[in-house]
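J.: Next up is a structure, given as structure tokens.
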Amino acid sequence: MSPTRLRAALRDRPLIVPGCHDPLSARMAASAGARAVFVSGSAVGRALFDEPMIPRWGANTYLSYVRQICQSSPIPVIVDGEDGFGDPVALCSELSAAGAGAVVIGDSQPDGSLLPAAAFTDLIGEIRGRFELLFVARADGLEHDRSDTAGRLGRYHEAGSELTLALLNSVLRAEPADRLLNTVTELASAAGGALAVHSRLGHELPPANRLPGGVAAVFVTAISVPPSTDHLRRLLTQR
């Protein structure tokens, strides 16, 4: 069972989870020693739609693509469910049937506002009660309200989210290393010791051996992004 294997892998902290964007990259990650992979909506959005995320009209195509990755991957797959594509319960049903290990769903809405925390905790309880999938609750409001985000992380953990993920983009760009480590430590404490963090390339975060014990997983997402034009240009022009 993929969720069972993922829960076992998460006992070793922090679990480093490389991104993947297709069945081949998932198998390559497994061959390199990864114990789980993360299908990033941004990576697949670029690979399939030339968009920075999955467009709502492409959700069915995305799910079909994710199904192929899950069926091909020899290790558990954590799937970016973005905002649930309008029906998070139906999405989790599809992913559970596909063999996914976990789903990440954010608390933001298409217009950029946040769902009320109580509504999102109700959603967590419903999904945990119906599916074996790990639920990873993503809190999206850190850039605008840190105290509210910290409170949400705690509430989401208490509601049954086995991992919580704070959207760190704003602090990864702005905070020096020491302050960033303090931020991650504060969020890990607020999340009840079940925080997941993300980074595009890995080096934006402190080294894994410096992260607080409350960080359960690190998603390194840009490993999965297809090679950049600059990379291809260097490859083709080198002598």
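J.: Pairs of alpha-carbon atoms within less than 8 angstrom and 6+ residues apart define the contacts here; what relative contact order does region 1-90 have, in percent? Working shown, then result.
T.: Values: 115 pairs, mean separation 28.2, N = 90.
Averaging sequence separation for qualifying contacts and normalising by length gives 31 percent for region 1-90.
J.: Whole-Hz ³J(HN,Hα) for each residue in region 204-213, computed from phi via Karplus 6.51 cos²θ - 1.76 cosθ + 1.60 with θ = phi - 60°, x for glycine and proline: what do you get?
T.: 5, 9, x, x, 4, 6, 9, 6, x, x
J.: Related question: Using heavy-atom solvent-accessible surface (probe 1.4 Å) with all chains present, what is the largest-first order of 197, 89? Intermediate results must be reported in sequence, preceding the final value.
T.: On the way: 197 5, 89 25 Å².
I get 89, 197, largest accessible area first.
J.: Which value, in Å³ per residue, describes the convex hull spanned by the Cα atoms of the chain? Can you show the working numbers first?
T.: Numbers: hull volume 31.7 nm³, N = 239.
In the chain, the Cα hull volume divided by residue count equals 133 Å³.
J.: Which value, in debye to the nearest 20, gives the size of the charge dipole of the chain about its Cα centre, when Lys and Arg are +1 and Asp and Glu are -1 at the Cβ? Show your work: numbers first, answer last.
T.: Working: 22 positive and 25 negative charges, 204 e Å.
Charge dipole, the chain, about its Cα centre: 980 debye, nearest 20.
J.: Give me the distance between the Cα centres of region 26-40 and region 118-194, rounded to whole Å.
T.: A separation of 24 Å, based on Cα centres.
J.: Could you tell me whether region 90-178 comes out rounded, prolate or oblate from its Cα gyration tensor? Rule is a ≥ b ≥ c as square roots of the eigenvalues, rounded for a/c under 1.5, then prolate if a/b exceeds b/c, otherwise oblate.
T.: On the way: a/c = 2.02, a/b = 1.72, b/c = 1.17.
Taking the square roots of the gyration eigenvalues as a ≥ b ≥ c, region 90-178 is prolate.
J.: Taking amide H atoms as placed 1.01 Å from N in the peptide plane, list the residues 5 or more away in sequence, or in a different chain, whose amide H sits under 5 Å from that of residue 165.
T.: Correct list: 137, 138, 139, 196.
J.: Using DSSP to call loops (not H, G, I, E or B), can you name the trypsin sites (Lys or Arg not before Pro) in region 1-88 whose Cβ has at most 13 other Cβ atoms within 10 angstrom?
T.: On the way: sites: 5, 7, 11, 27, 35, 46, 56, 67; in loops: 11, 35.
The qualifying sites are 11.
J.: So with the 1.4 Å probe, I'd like the accessible area per residue for region 168-220, rounded to whole Å².
T.: Values: 2300 Å² over 53 residues.
Per residue, region 168-220 has an accessible area of 43 Å².
J.: Right, next: Taking Cα pairs under 8 Å and at least six residues apart, what relative contact order does the chain come out at, in percent?
T.: Numbers: 451 pairs, mean separation 49.9, N = 239.
Relative contact order comes out at 21 percent.
J.: Under a Cβ-Cβ cut-off of 11 Å, what is the net charge of the residues other than residue 10 that fall near it, where Lys and Arg count +1 and Asp and Glu count -1? Intermediate results must be reported in sequence, preceding the final value.
T.: Working: positive: 5, 7, 11, 13, 35; negative: 12, 162.
Its environment carries a net charge of +3.
J.: Another question, if that's okay. Specify the longest stretch of the chain that does not include any exposed loop site, a site being one of the GluC sites (Glu not before Pro) with a non-H, G, I, E, B DSSP assignment and at most 16 other Cβ atoms within 10 Å.
T.: On the way: sites that count: 132, 143.
Of all site-free stretches, the longest is 1-131.
The values are calculated or read from the model by the stated rules, or taken from the named source; none is laboratory data. This one's a predicted model, so the numbers in the text were calculated from it and none came from an experiment. No Cβ is skipped: glycine too gets one built from the backbone with ideal geometry, and neighbour counts run over all protein chains shown. Accessible surface is based on the protein model in full, side chains and every heavy atom, while ligands, DNA and RNA are left aside. Shrake-Rupley method; radii C 1.70, N 1.55, O 1.52, S 1.80 Å.
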